[in-house]
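Below: one structure, written as structure tokens.
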Amino acid sequence: MGLLHHMWHLTGTLLTLLVDVVHFLRLCWRPSAVLAAENLFPRKQLACYQERQVKPRRATDAARLALVWLGRWFDWRQALTIVQPDTFIRWHRRGFRLFWHWKAHSGRPPIPADLHMLIRRMAHENPTWGQERIANELLPA
């Protein structure tokens, strides 16, 4: 049940991101004056929310990823209003951690348990050896 839920969540996030990318590509073809006006319009609405101190809903994973991706295209610090800059940077770092976690677990197969224990024993019995020496000792002769 948990795997199905995670797959459904991932699919929803990816579809939302795909829609945002298509929308972004469509906006790339519009004149700059239209984009400036379109950008100012939601900023003014957001300013009204901030004046009235209305708290925005919690951002979804897709919204976080989209904001981080869009933030690479311009100086996001002037436009950031719904979250603190530290929160935005935390989202960015979390995205990097997720990426590298996925990268690390999708490539190299795990080390077998018996080999893992042998390496630990060699390191414990020979504290002056470094990882290069242990790796060389494990190479077939």
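The values are calculated or read from the model by the stated rules, or taken from the named source; none is laboratory data. From a predicted model like this one, the values you see are computed outputs, not experimental measurements. Every residue, glycine as well, gets a Cβ built from its backbone with ideal geometry; the counts of neighbours run over all protein chains shown.
Does Arg64 count as charged (D, E, K, R), in a helix (DSSP H, G or I), at pLDDT 75 or above and surrounded by fewer than 10 Cβ atoms within 10 Å (Cβ to Cβ)? Spelling it out, it is not the case that Arg64 is charged (D, E, K, R), in a helix (DSSP H, G or I), at pLDDT 75 or above and surrounded by fewer than 10 Cβ atoms within 10 Å (Cβ to Cβ). Filtering Leu115, Leu98 for residues that are in a helix (DSSP H, G or I) and modelled with pLDDT of 85 or more leaves a single hit, Leu115.
Among the residues making up segment 118-129, those that are surrounded by fewer than 10 Cβ atoms within 10 Å (Cβ to Cβ) and not in a helix (DSSP H, G or I) are Pro127, Thr128.
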